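Read-outs: derived from the displayed coordinates by stated rules, not from any lab. None of the values given here were measured: they were computed from a predicted structure. Every residue, glycine among them, receives a Cβ derived from its backbone with ideal geometry; neighbour counts consider all protein chains shown.
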Amino acid sequence: MTLEPLRSAPPAVLLHLATVVPAFIVGTWLLFVSRKGSRWHRLLGRLYLSLMATTALAAIFIRAFSAWSVGVGPFRFGLLHLFVLLTAWSVFTTLRAVRRGDIAAHRGSMIGLYVGGLGIAGLLAFLPGRIMYRMFFG
């Protein structure tokens, strides 16, 4: 493993990584360990949603360089940017469900956010040529 690819990474990539790693740790604890509805679950749930929202916001500023990317002004979006929309929608639906007391909807949106926003998007970050791939596999 080498941290060399991070030395030349843009600030948006560094912010994205700095928020997604703790979000993964907190999200894993919330989903698999915490007592649902406890004070700690609610407190760390707020932290988790804040981290995920910041992660998504940072991702908007990460330029895509694939053949399937599209430019909009100074931005360049690729297929992975669809996860920004998934994250934003999941954060919104989670907050709405909690405020309404709809635990089933809350659970569903949180599982979707974890699996899609962290699991699937996280695995795609390890595709050849991407920074995470270069960090772990050279």
For region 103-117, Karplus couplings with θ = phi - 60° (6.51, -1.76, 1.60), whole Hz, Gly/Pro x: 5, 4, 5, 4, 4, x, 5, 5, 5, x, 5, 5, 5, x, x
Given the options VAL13, VAL70, VAL84, which has the most mean-square fluctuation in a GNM of the chain, springs set between C-alpha atoms less than 10 angstrom apart? VAL70
For the chain, build the charge dipole from Cβ charges (+1 Lys, Arg; -1 Asp, Glu) around the Cα centre, then report which of GLY73, LEU47, ALA125 sits farthest towards its positive end. LEU47
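Contour minus end-to-end for LEU86 and THR2, with contour as 0.36 nm per residue of separation and end-to-end as the Cα-Cα distance?
Working: separation 84, 0.36 × 84 = 30.24 nm, distance 3.03 nm.
Value of the extension gain: 27.2 nm.
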Between TYR133 and VAL33, what is the label-point separation in nm under the 7 Å Cα-to-beta-carbon projection? 3.2
Checking ALA64, ALA56, ALA88 against a Gaussian network model of the chain (alpha-carbon springs below 10 Å), the top fluctuating residue turns out to be ALA64
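Kindly provide the chymotrypsin sites (Phe, Trp or Tyr not before Pro) of region 1-98 that DSSP labels as loop, not H, G, I, E or B, and whose Cβ sees at most 12 other Cβ atoms within 10 Å.
Working: sites: PHE24, TRP29, PHE32, TRP40, TYR48, PHE61, PHE65, TRP68, PHE75, PHE77, PHE83, TRP89, PHE92; in loops: PHE61, PHE65, TRP68.
Sites meeting the loop and neighbour criteria: PHE65, TRP68.
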ARG46-ILE60 pseudo-label distance in nm [points 7 Å out on the Cα-to-Cβ vector]: 2.4
Environment charge at ILE131 (Cβ cut-off 15 Å; Lys +1, Arg +1, Asp -1, Glu -1): +3
Cα centroid distance between region 105-134 and region 1-72, in Å? 9
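Can you tell me how much longer the chain between ARG107 and LEU79 gets when fully stretched, taken as 0.36 nm per residue apart minus their C-alpha distance, in nm with one decimal? Please list the in-between numbers first.
Details: separation 28, 0.36 × 28 = 10.08 nm, distance 2.62 nm.
Here the segment from ARG107 to LEU79 would lengthen by 7.5 nm.
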Between [x] 43, 34, 21; [y] 41, 31, 29; [z] 54, 29, 28, the structure-derived Cα extents along the principal axes in Å is [x]
